[in-house]
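The values are calculated or read from the model by the stated rules, or taken from the named source; none is laboratory data. Just so it is clear, the model here is predicted, and its values are computed rather than measured. Here Cβ is always computed from backbone atoms with ideal geometry, including for glycine, and neighbour counts include all displayed protein chains.
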């Protein structure tokens with residue numbers, strides 16, 4: 001096996017990236033040359049690539065055990081890092097483990113150890129106790145969004161993980177904010193700190209939106225009609241509020257998805273898949289969506305409710321002003337409502353009547369059969385175009401999983417495509433298709 005991973009430009013090309021940004025270049029140099037690094041950079045600035053690239057370059061491909069452990073606060077972030085690593089096409093084996101996922105799937109993956117293991121603190125600590133993977137070759141430990149893990153009560157598990165790993169020679173901690181102290185249990189001695197929280201900061205415009213009613217549904221509806229079919233997220237503080245607003249928007253004919261902690265993991269994954277491929281242009285979400293979810297560029301976010309803490313306001317806003325692009329955050333304000341000091345705006349609007357946005361141009365098909373069946377994205381594209389009678393511009397984003405795939409198809413072609421392809425064979429595997 002070749003000990004050199006594929007070259008950097010080739011990997012970036014697979015992600016559609018021409019060049020790294022200033023933060024990523026600085027972080028790669030720092031992580032490559034220093035045993036301890038603390039990286040602070042805004043949400044959406046590209047921290048995942050900043051630590052993945054030097055990790056991949058440092059791996060010994062002759063060792064078939066875990067060499068890098070990445071600990072993250074949420075399953076969505078674990079899945080995102082796993083997906084980005086695979087998209088780089090480096091040939092490195094990576095797996096994600098997290099709560100809410102069947103334990104037997106973890107065992108199957110860990111039987112042939114990945115070089116990079118990413119997961120949530122609880123699930124990783126559990127696997128360590130069960131000795132489900134070797135630790136003697138783990139030289140790199142990354143605590144991504146470490147402050148969030150501490151906020152949501154993972155200190156005991158994180159401490160256990162750090163103390164179990166005796167061979168670690170490199171530690172990297174990342175965050176978009178520094179609202180908690182660097183944890184003592186990590187044992188940092190003289191870390192190199194990189195602070196990009198202000199450097200190259202995106203131009204985020206904050207706009208106050210007047211609501212005549214304490215219940216802001218009408219103001220939200222008018223604003224969404226004004227914004228048209230741009231992709232965006234509406235943040236609410238309560239799951240019950242999401243259901244109420246969702247019912248209202250459905251009655252008004254505005255297509256959307258929901259995203260919150262009471263949903264099954266598979267439901268949340270589908271919501272994000274449909275958002276990425278354009279089948280959904282709007283998500284109603286709690287702060288679970290403020291960090292570590294893999295979604296494309298978002299044109300706006302709307303604060304239906306404001307968060308209680310200023311750093312959560314920052315994380316929400318970071319979903320739109322990403323990778324140093326501009327973005328707009330709208331704050332719905334009842335006329336008798338007092339806004340907290342952290343909301344600083346130079347513009348106030350009253351939304352006007354406008355037409356309801358057109359429904360999304362894409363629908364998503366779930367196809368059985370995935371990587372375990374030796375099926376590739378190219379195989380799927382060939383099937384849908386040749387046997388499904390689709391033109392290239394009628395086939396959208398394909399996301400390939402272990403056991404299945406999600407395929408975006410132009411809305412007017414989706415049902416006919418299912419009729420043509422359902423129960424057909426791909427790579428000697430009988431496939432089933434359905435709309436989600």
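For segment 175-196, how many residues are assigned to a loop (DSSP other than H, G, I, E, B) and either in contact (Cβ under 8 Å) with a residue 24 or more places away in the chain or over 23 Å from residue 315 (Cβ atoms) (or both)?
Qualifying residue count, segment 175-196: 13.
From the list 168, 162, which residue is assigned to a loop (DSSP other than H, G, I, E, B), outside the structural domain of residue 318 (by TED's automatic domain parsing) and in contact (Cβ under 8 Å) with a residue 24 or more places away in the chain?
Going through 168, 162 in turn, just one is assigned to a loop (DSSP other than H, G, I, E, B), outside the structural domain of residue 318 (by TED's automatic domain parsing) and in contact (Cβ under 8 Å) with a residue 24 or more places away in the chain: 168.
Go through (1) in the same structural domain as residue 228 (by TED's automatic domain parsing); (2) out of contact with any strand residue (DSSP E or B) (no Cβ under 6 Å at 6 or more places or on another chain) and name the single condition residue 391 misses.
Of (1) in the same structural domain as residue 228 (by TED's automatic domain parsing); (2) out of contact with any strand residue (DSSP E or B) (no Cβ under 6 Å at 6 or more places or on another chain), only one is false for residue 391: (1).
Name the residues in segment 414-434 that are touching a strand residue (DSSP E or B) at 6+ places or on another chain (Cβ under 6 Å) and more than 18 Å from residue 391 (Cβ to Cβ), would you?
Correct list: 422, 431, 432, 433, 434.
Looking at segment 61-69, can you tell me whether even one residue there is over 16 Å from the mean Cα position of the chain (by Cα) and modelled with pLDDT under 90?
yes
Looking at (1) out of contact with any helix residue (DSSP H, G or I) (no Cβ under 6 Å at 6 or more places or on another chain); (2) within 21 Å of residue 190 (Cβ to Cβ); (3) crowded, with 22+ Cβ neighbours inside 10 Å, find the lone condition where residue 37 falls short.
Of (1) out of contact with any helix residue (DSSP H, G or I) (no Cβ under 6 Å at 6 or more places or on another chain); (2) within 21 Å of residue 190 (Cβ to Cβ); (3) crowded, with 22+ Cβ neighbours inside 10 Å, only one is false for residue 37: (1).
Take residue 243 and decide whether it is over 26 Å from the mean Cα position of the chain (by Cα) and either part of a helix (DSSP H, G or I) or farther than 24 Å from residue 352 by Cβ (or both).
no
In segment 53-74, which residue that is closer than 21 Å to residue 195 by Cα and free of Cβ contacts under 8 Å to residues at least 60 places away in the same chain is surrounded by the most Cβ atoms within 10 Å (Cβ to Cβ)?
Selected residue: 53.
Can you run down the residue pairs with Cβ atoms below 6 Å, 6 or more apart or on separate chains, where the first is in segment 256-273 and in a strand (DSSP E or B) and the partner is modelled with pLDDT of 90 or more and surrounded by fewer than 19 Cβ atoms within 10 Å (Cβ to Cβ)?
Listed pairs, sorted by first residue: 258/246.
What strands (runs of 3 or more DSSP E) completely inside segment 304-422 contain at least 1 residues that are surrounded by fewer than 16 Cβ atoms within 10 Å (Cβ to Cβ) and in contact with a helix residue (DSSP H, G or I) (Cβ under 9 Å, 6 or more places away or on another chain)?
327-334, 347-349
Would you check which residues across segment 207-238 are surrounded by 15 or more Cβ atoms within 10 Å (Cβ to Cβ) and part of a helix (DSSP H, G or I) and list them?
217, 219, 220, 221, 222, 223, 224, 225, 226, 227
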